[in-house]
Amino acid sequence: MNKAVSKAMSNDSKPTILVVDDTPDNVMVLSALLRDQYKVKVAANGLKALELAAAQPPDLILLDVMMPELDGYETCRRLKAAPSTAGVPVIFLTSRTEPEDEEFGLLIGAADYITKPINPADVLERVAKQLK
Amino acid sequence: MIHQTTTAQENSELLSAAFDATGNGMCFIDEAGIVVRANRSFCDMLGYSAGDLIGAPWTIAVPPDRTAGSGFPRSLFSDPPSVAEEWHLRRKDGALLTALASIRIITLSSGLRRALVFLTDITERNRLADQLRQNLDQRETILQSSMVGMVFLNEAGRPLWANRAMYKLFGLRQTDTLEASLECFYPSREAYLKTGAAVSAAIASGQAFEDEFQMRRKDGTLFWVYLAGHAVNPADPSHGTLWVLMDITKRRQLEEDLNKSEERYRQVVNHVTECIFVVQDARIAFGNPRLWELTGFTPEQLATHPFIIAIHPDDRQFVLDHHTRRLHGEQVEQYYQFRVVNALTGNIIWVQLAAVQIEWEGRPATLSFMTDVTERKRLEDSLRENIAERIRLETLQIQAELKESELARQHAEDTTRAKSMFLANMSHEIRTPMNAIIGMTHLALLTHLDPKQRDYIDKIRSAGISLLGIINDILDFSKIEAGKLDMERTSFDLDDVLANVSAVTGAKAHEKGLEYRFQVPPDIPRALVGDPLRLGQVLINLVNNAIKFTERGEVALSCHRNDVSAGRVQLQFSIRDTGIGMHPEQTSRLFRAFSQADGSTTRRYGGTGLGLSIAKRLVELMGGSIWLDSMPGIGTTIRFTAWFGITDAQKTLHERRHVATESINRARPPAAIAHRSGHSLPAEHMSALPVEIPRSSVDEEALRISRPPRFRNIAVLLVEDNEVNQQIATELMQSAGIHVDLAENGRAAIDILMQAGPDRYAMVFMDVQMPEMDGHEATRRLRADDRFADLPIVAMTAHALVEERQRCFDSGMNDHLAKPVHPDALYQSIARWCGQPDIVEASDAEDPVTRTENTGSAGIPQSSGAVISLAIEGLDVQSGLMRAMGSMDFYLDMLKRFSNGQRRMAQAIHEALEQDRKIAERLAHSLKGSASLLGAGQVQQLSGKLETDIRHGLVPEALATTLFQLDAQMQRLCDAIDDIVSIPADNPPQQDIDPEEALRRLAEFAILLEAFDSEAIALLDKYGAAMASLLDAQSWATVEQSARRYDFDAARAALMQAARRTGIDAIFSTRRET
């Protein structure tokens, strides 16, 4: 997709993705990856994510697992517990690679689970899949 | 008368002769009582002579106490006894005489009367009669008083006489008359008849009879009697029978008791399962049935043969030995075992024997108890065999285990060696690429870069340095774990270590606005012996930690002397901070590997969690300990002790002051990485002087890009096989004006040096690991040649281990530089060994791009004067330019179109694959063509492969990798192209932006921040400078930093605050409304 086209498109017509990660570089990479096709909102921690999601539920949440204060699992649980955000698909994005972690993530309501380091095409594909 | 007498005389003569001849005593006594005549017998009887008696009164022989009338007639004539009477007379010699006297009165013709007395001596007869009477009395007494009952029965069996004892036995009184029949004395009629018959039979046959049986007393009680008797005259039973009878009840009782007792013993002895026997004179004197049963011998056999015949031939000597020793009174085992051979069956029986010495029938003997232990023995043997077998197996197992453990130990040693080797290799393998990363980024930073590129490369470099730190931590930790961490013992100056600590850590403290103080009193010895690098490592680690966890307040490092003894000193270092502190339960986990105070800390502050663990081990290796006090919210004080040697070369305070003053006067921030910098910041100055590190060095710290110094007329030989390393070192040195020649291995280096001679090169940098000939060997060979004895040779190696450094020294090298080589270290090393004092501080004015161009090392084609450094990874610019007919503009245009039109080509191919593989193939083919046109070799290759694979019908899954690689490569390439080609279009020079535009952007920025929209960062990237121009630098820095951390709340708050201060806050509300 060409930049001019992406620029021409109205921000509002794009689906909104909330990227939650405490590592700025990760946020930067993800937003760079997604910004052409999606409106990207960012939260540096779980609490902020909950706050933003509650105020205006995004179309999808990319959620890091290991974060200070409120980790991704707990964040996800709370998102799923709140009626306004329960329907928002959550994709975990984490460097944890144990199958149990993945299983656990899916158990608590995640739609998908992507391990780092990310494969950009894979991320785009999975995100798109959830938004279909 | 005479005549008459003649005849008469004759008569008289005859009578006289008869008178005298008769044996009876005779005498004539006249009426006067005078003896007129006595015959010889009379005289003899009385012991008188005839003369004595004739004429004497007859009473001469009457004892004086006996007078006539008392046993004697008063008058023989008037009262003559009619019958003979006993006269007790006394002989002349005094002896008494009993005589039977008879008197006859004779009247003579004259009328005279004469008494004729006849005396018969009955003394002897009387004596015998008395004696008989006495005897009879005695016998009667004896019979009567005998304990034995006696009875005399007549022929008919009726009792004629019984003694007192007999009465007593039957409970009769002496006055009781014995019944005619004796039946009442028997227990029953049958017993009476039976005994009677037996007695009759015996007596009839002239035999004596004796028996024991029960009889009945008068009172009816029964008692045992012994009866014995016989006929008085065996030939004639009519004379009756005589019986003796004894009460034998007691004896019978005793016998019965004895019998019973004996019976009991017999029962026991006969029925015990043990053999009981007595050996006397080597023969079995007594044995119980069990003995005969067990041995198979008869009692007779064993009584007549030595007992030893029953014993197994092999055991005889053994048993005899025991037996003999026991007989001799020696102490022998109470129990012992041997074999017996059963005489009947031939079976061998194991027995256990216990024996004691006894007296048997008055003579010594051995009483033995013998038990059949064959079964027990068998069990024992089998048990023993089992045990032996088990022991054998266990022994085997233990041996196997020992062998295994030996193998394991060897394996462990091998593993440790392998681990050590692995560490060395890891160290090498990791450092080599790290060297490339850090070195290349360093070089890249010296080239012309646009801000975005510089930012990226800065970040790579920062990440590289941080990664190197982590790797160092892990390697250190691994070495400690493997016991491979060696501590150096070398003389050092504590001040140098502290100066280095302050240099490395001070910047960060300053950056955070912390007060940072060193307190080292003058009495602390400075010239120490130990491992300065390790001490520095611990201190830096602890101080860095303190700084990391402290947001405000201070961090203070102090030192005091704990103990001094025998040339050693124990120092205690304290690092106190006013940071976040910890709970006790957190502190307890701290020194464990991979552990931080809490899991989330790792996320917030980063780190491997190895630092304190390493510090602890290092401190322990320095003979000390480490501990900490901490209060949440108050701060932490961590202390450790360490022992050091003290050298004699203690500098005087004065000298130190002098040096210090000098140092401070020319002080500049110490180098980022710990090397001896020559700076000495003594404690008395440090304590008074919070370490102030100029801001310029803060940013640089580890990341600072040193401007190369200028060296003149120096040629260096670089011996290095790795091309990347060659390039880095060469360019670093060339940029400092040094002439560099290359040798690709040790052999080549020797060839070059031998040809060039000792004066051509000021020094040699020698890689250690090289093909053909390694650095050690090359150095040894060079040193063997006197000409090169003093040539400075400095090792450059990724082996950072202490022992590796030692090996370098051992092989004759002068110094050691660890890879990745830090430029400063490299320059310092050159300065040190080439004796060139003029290390020129880099001129900040000098344009790095210019310099880069001067050195001509960046390989950037200079085309048509465009100041565009076109170096894009994956793009062969030269080849592309050639295809663009040398027109950079055209080439750039092509690139731009390529980026715009084909950036997402991989995605398009991927999508096409699912619908129409032909289209996908065509797209790949088309991309390959474009790429080859531009000189994008990798894209060309990947898309070519994709084209082929699609044509060959590979499923989408099998194509994914190539697609992904292609996409990644395309993204990288297009990003790079965009960055270069789009800058002029998208990034108009920011200083040209008018304030109105800047305000608009700022308002837009605020809105994006508020919406947590990531576009805020894109905006920041583009218009950062413009927006910054509206605010003061400090405020803008806070805004930008917060935003880049994606802390949009903080960024927006700072922005608003700054805007209010600047008075431009109005724009936000209005802008938003519009």
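The values are calculated or read from the model by the stated rules, or taken from the named source; none is laboratory data. Computed from a prediction, not measured in an experiment: that's the story for all the values here. Note that each Cβ is placed from the backbone with ideal geometry, even for glycine, and that neighbours are counted across all protein chains shown.
Here are some notes:
- Selection within the stretch B:695-741: residues that are among the small types (Gly, Ala, Ser) and part of a helix (DSSP H, G or I). The member of this set that is modelled with the highest pLDDT is B:729.
- Subset of the stretch B:100-114 [farther than 14 Å from residue B:79 by Cβ, in contact with a Phe, Trp or Tyr (Cβ under 7 Å, 6 or more places away or on another chain) and in contact (Cβ under 8 Å) with a residue 40 or more places away in the chain]: B:114
- Taking the criterion of being over 18 Å from residue B:223 (Cβ atoms) and free of Cβ contacts under 8 Å to residues at least 40 places away in the same chain, the residues of the stretch B:149-172 that qualify are B:156, B:158, B:159, B:161.
- Set side by side, the residues B:150, B:166 differ, and just one is within 25 Å of residue B:196 (Cα to Cα) and assigned to a strand (DSSP E or B), which is B:150.
- Matching residues in the stretch B:341-394 - criterion: being assigned to a loop (DSSP other than H, G, I, E, B) and among the β-branched types (Val, Ile, Thr): B:345, B:373
- Of all residues in the stretch A:47-93, those being β-branched (Val, Ile, Thr) and either part of a loop (DSSP other than H, G, I, E, B) or within 13 Å of chain B (Cβ to nearest Cβ) (or both) number 4.
- Looking only at the stretch A:1-46, residues that are under 21 Å from residue B:1044 (Cβ atoms), more than 10 Å from chain B (Cβ to nearest Cβ) and modelled with pLDDT under 85 come to 1 in all.
- Candidates in the stretch B:281-339 are the residues that are hydroxyl-bearing (Ser, Thr, Tyr) and in a helix (DSSP H, G or I); of these, the one that is surrounded by the fewest Cβ atoms within 10 Å (Cβ to Cβ) is B:304.
- Residues of the stretch B:742-798 satisfying the condition of being touching an Asp or Glu at 6+ places or on another chain (Cβ under 7 Å), hydrophobic (A, V, I, L, M, F, W, C) and either over 25 Å from residue B:821 (Cα atoms) or at pLDDT below 90 (or both): B:768, B:770, B:796
- From the options B:75, B:70, residue that is loosely packed, with under 12 Cβ neighbours inside 10 Å, part of a loop (DSSP other than H, G, I, E, B) and either in contact with a strand residue (DSSP E or B) (Cβ under 8 Å, 6 or more places away or on another chain) or at pLDDT below 85 (or both): B:70
- Inclusion of residue B:606 among residues that are modelled with pLDDT under 85, within 14 Å of chain A (Cβ to nearest Cβ), on the phi > 0 side of the Ramachandran plot and exposed (fewer than 14 other Cβ atoms within 10 Å of the Cβ) is warranted.
- Residue ID - modelled with the lowest pLDDT, chosen from residues in the stretch B:503-515 that are under 53 Å from the mean Cα position of the chain (by Cα) and surrounded by fewer than 24 Cβ atoms within 10 Å (Cβ to Cβ): B:504
- Evaluated against (1) over 29 Å from residue B:15 (Cα atoms); (2) touching a helix residue (DSSP H, G or I) at 6+ places or on another chain (Cβ under 9 Å), residue B:127 falls short on exactly one condition, (2).
- Cβ-Cβ under 6 Å pairs, at least 6 apart or on other chains, the stretch B:194-209 side within 10 Å of residue B:229 (Cβ to Cβ), far side loosely packed, with under 13 Cβ neighbours inside 10 Å: none
- Selection count, the stretch B:1005-1063, where residues are away from chain A (no Cβ under 12 Å), crowded, with 20+ Cβ neighbours inside 10 Å and among the hydroxyl-bearing types (Ser, Thr, Tyr): 1
- Of all residues in the stretch A:110-126, one or more are among the hydroxyl-bearing types (Ser, Thr, Tyr), within 11 Å of the chain's Cα centre (by Cα) and either in a helix (DSSP H, G or I) or modelled with pLDDT of 80 or more (or both).
- The test for being free of Cβ contacts under 8 Å to residues at least 12 places away in the same chain and farther than 21 Å from residue B:812 by Cβ holds for residue B:723.
- Residue in the stretch B:794-803 that is part of a helix (DSSP H, G or I), in contact (Cβ under 8 Å) with a residue 40 or more places away in the chain and more than 20 Å from residue B:730 (Cα to Cα) present: yes
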